[in-house]
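The values are calculated or read from the model by the stated rules, or taken from the named source; none is laboratory data. This is a predicted model, so every value here is computed, not measured. Cβ placement follows ideal geometry from the backbone for every residue including glycine, while neighbour counts extend to all protein chains displayed. Note: accessible area is taken over every heavy atom of the protein model, side chains too, but ligands, DNA and RNA are not part of it. Shrake-Rupley method; radii C 1.70, N 1.55, O 1.52, S 1.80 Å.
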Amino acid sequence: MTSIIQFADVHFGLEDQSAMAALAATVETLKPDVTVICGDITQNGKVSEFEAARDWIRSLSGPKIITPGNHDTPMFGLFQRFFDPFGRFNRIIAPLSEPYFADQYVSITTLNTARGWQKKADWSVGVVDLEDLDTAVQQLMSTSPATVKMIAVHHPLIYPPVSPLQKETQRGQEALASLSAQNIDAVLSGHVHVPFVLERQPNLTEVMSIGAGTLSTRRREKPASFNHIVVDDERIIVTEVFWKDGQFSTSEPWAKDVSELKSRKFPNSL
Ligand SMILES: [Fe+2]
């Protein structure tokens, strides 16, 4: 069995310290095999925010997979934002992340969907570089064909209906179709601050989209939360864990038979 904690959008600077403490205690209790952090680690991309995040992430035991979000570029340092948007993230946070995670049941890698700036008014929207996506897929294909294959990003490739925020990730639809064609099983994301689990079927794909909520005080109609994902020989189970009024509550777990996953149905094509 592989146990995964997935969280996103801590937004250090506007972090929810009680939710973070609860998550840290959960990591100590559950001892997940890996913790996946889906971006927006800081609020304004300040060095002080990154350093506080680094100290806290370092205190969580076990391996981590970390990808940046659109808030993880310097909000106020335009020169850096244009010429070295992820310099601070790469220097302070990236050394805490494994390049990828793989064990008997699961393999996970990352894809950066955030940008320092874009040729459009809204620099916060997600962008998929299809060459980067190919690199990520190749990484997953280098692991055992028997693993459930996941890519961690910041922006959902397609926004879920439950999100109060509705935007379009550039090349998101195309990326999802490509992941499906290559039998990748799941996309883990953050950004919209509400948790969700969906099976996306654009162009007949069957890619699971598993979104984490936020651990910040920037709520969008939902309490602070994170996801607990368990994969064994039989099933993948996702539970949303909410932190409200000093206690946890959990969603009805979402489950799928592993035999139904694309990587299991079509292992020879990997
Ligand atoms: Fe974001």
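Which value, in debye to the nearest 20, describes the size of the charge dipole of segment 2-269 about its Cα centre when Lys and Arg Cβ atoms bear +1, Asp and Glu Cβ atoms bear -1, and nothing else is charged?
Using only the charged Cβ atoms, the result is roughly 560 debye.
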Amide H proximity to Val34 below 5 Å, modelled H, separation 5+ or other chain, gives Ser3, Ile5
Given the options Met75, Ile229, Val34, identify the residue whose Cα lies farthest towards the positive end of the charge dipole of segment 2-269 (+1 on Cβ of Lys, Arg; -1 on Cβ of Asp, Glu). Met75
Going by accessible area, probe 1.4 Å, with all protein chains left in place, what is the ranking of His193, His228, largest first? His228, His193
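Per residue, how many Å² of accessible area does the chain show with a 1.4 Å probe?
42
Using the Kirkwood radius built from alpha carbon pairs, what does the Stokes-Einstein equation give as D for segment 2-269 at 4 °C and 1.567 mPa s, in µm² per second? Don't skip to the answer; put the middle values down first.
Numbers: Rh = 18.2 Å.
Roughly 71 µm²/s, to the nearest whole number.
What full-extension length gain, to one decimal in nm, is calculated for Lys120 and Asp257 as 0.36 nm per residue of separation minus the Cα-Cα distance? Show your work: numbers first, answer last.
Numbers: separation 137, 0.36 × 137 = 49.32 nm, distance 4.18 nm.
Additional length available on full extension: 45.1 nm.
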Please turn the phi angles of segment 154-163 into ³J(HN,Hα) values with the Karplus equation 6.51 cos²θ - 1.76 cosθ + 1.60 (θ = phi - 60°), one per residue in order, whole Hz, x for glycine and proline. 8, 8, x, 5, 10, 5, x, x, 6, 6
Suppose only helical runs count, i.e. DSSP H with n ≥ 4. What mean residue ellipticity at 222 nm does that imply for the chain under -39500 (n - 2.57) per run, divided by all residues and rounded to the nearest 500 deg cm²/dmol? -6500 deg cm²/dmol
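Near Ala136, within a Cβ-to-Cβ distance under 12 Å, what is the net charge of the other residues, with Lys and Arg +1 and Asp and Glu -1? Mind dumping the intermediate values first?
Working: positive: Lys149; negative: Asp129, Glu131, Asp132, Asp134.
Taking every other residue near Ala136 into account, the sum is -3.
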Would you please state which residues of segment 47-66 a label at Gln104 would reach in this model, taking the label point 7 Å out along Cα→Cβ and a backbone N cut-off of under 14 Å? none
Using the Karplus curve 6.51 cos²θ - 1.76 cosθ + 1.60 with θ = phi - 60°, work out ³J(HN,Hα) for each residue of segment 72-77 in order, rounded to whole Hz, and write x for Gly and Pro. 8, 10, x, 5, 10, x
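Out of the total accessible area of segment 2-269 (probe 1.4 Å, heavy atoms of protein only), what percent is carbon and sulfur?
On the way: 5550 of 11080 Å².
That share works out to 50 percent.
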Please list, in chain and number order, the residues 5+ apart from Gly39 or on another chain whose amide H is under 5 Å from its amide H, with Hs placed from the backbone. Asp9, Thr67
How large is ³J(HN,Hα), in whole Hz, for each residue of segment 217-232 in order, when computed from phi with the Karplus curve 6.51 cos²θ - 1.76 cosθ + 1.60 and θ = phi - 60°, using x for Gly and Pro? 8, 8, 8, 10, 6, 10, x, 4, 7, 8, 10, 10, 10, 10, 10, 10
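With Cβ to Cβ distances under 11 Å as the rule, what net charge do the other residues near Glu51 carry (K, R +1; D, E -1)? Numbers along the way, then the final one.
Details: positive: Lys46, Arg54, Arg58, Arg88, Arg91; negative: Glu49, Asp55.
Summing Lys and Arg as +1 and Asp and Glu as -1 gives +3.
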